[in-house]
Structures are given as C-alpha cells and as structure tokens.
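These notes are about the structure you will find just below.
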Amino acid sequence: QVQLVESGGGLVQPGRSLRLSCEVSGRNFVSFRLGWYRQAPGKERELVAGMTSGNRRDYADSVKGRFTISRDNARNTVFLQMNSLKFEDTAVYYCTAYEPASGRNYWGNGTLVTVSS
C-alpha cells in the first residue's frame, strides 16, 4: 500500500514563497509518476504540476514560471516550490502518485495554502 503525506502548507503573503513536500511510502518510487493538484473553494480540483519518472515536467498555465516540481528519489519525496504567490493560489494542495506496476493512482490528504495580506 502506498501512502502519501503532504506538509509545508500555511498562510503566506502575496509575492512570497512556500515549498510543499510529499513523502511517499512504498517501493519503486523511482518509477512513479508524481503530481500536485489543488482545489480552491467552490472550484474543481485541477492539475498544477506533473513529473514523470524520466523527469519530464508539465505545468498548468496559471503557475508556469512561478512553480517548480521536483523529486528526490533517495528520500521518496516530491516537492512543489511555489514562488510569487498570488491570492488565487489559495487552495488545498494534494500530492498524487501513479504506480505503473499496479496501475493505481494514490492521493494524499492535502495541505492548505492560504495567500492573504
């Protein structure tokens, strides 16, 4: 069973930065396709950033140039560096991991990011 635990959320002022972390249990982390989603109040969940096992990265247009997804295979951890935060980045951020061996997608419980002055 794969479990994901996010951390790093909190309250931040516009223009500042935060780094989210997600520790992923289970074997074969190096093969996982990883991603970060977010869900703002009253809105649908959306993909923010994704990263393949080959380190290909994709980003939502709304965060390109501001957010960076990265992974540390030695620590079974995926990160989301968020810079130049805006009010509209306020949301619950979820980490996700797709395990090719099983075909299953796993989710964390989410961490709240609030951008407010």
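Quick note: the coordinates plus some simple rules give every number you see, no bench work behind them. Remember, it's a predicted structure, so these values are computed and weren't measured experimentally. As a convention, Cβ positions derive from the backbone with ideal geometry for all residues, glycine included, and neighbour counts pool all protein chains shown.
Mind ranking 71-84, 41-54 by how tightly packed they are, going by the mean number of other C-beta atoms within 10 angstrom, highest first?
71-84, 41-54
Note down the relative contact order for the chain as a percent, whole number, built from C-alpha pairs under 8 angstrom at least six residues apart.
37
How far apart, in nm, are the 7 Å Cα→Cβ label points at V5 and E44?
Result: 3.3 nm between the two label points.
Using alpha carbons only, how many angstrom separate the centre of segment 8-55 from the centre of segment 67-110?
Each part reduced to its Cα centre gives a spacing of 2 Å.
So what are the ³J(HN,Hα) numbers for segment 61-67, from phi and the Karplus equation (6.51, -1.76, 1.60; θ = phi - 60°), rounded to whole Hz, Gly and Pro as x?
4, 5, 10, 4, x, 10, 10
Length gain on complete extension for the stretch F87 to S70, per 0.36 nm per residue less the alpha carbon to alpha carbon distance?
Gain on stretching F87 to S70: 3.8 nm.
Which residue, chosen from G110, P41, S53, occupies the Cα position most advanced towards the positive end of the dipole of segment 40-117, where the dipole is computed from +1 (Lys, Arg) and -1 (Asp, Glu) charges on Cβ about the Cα centre?
S53
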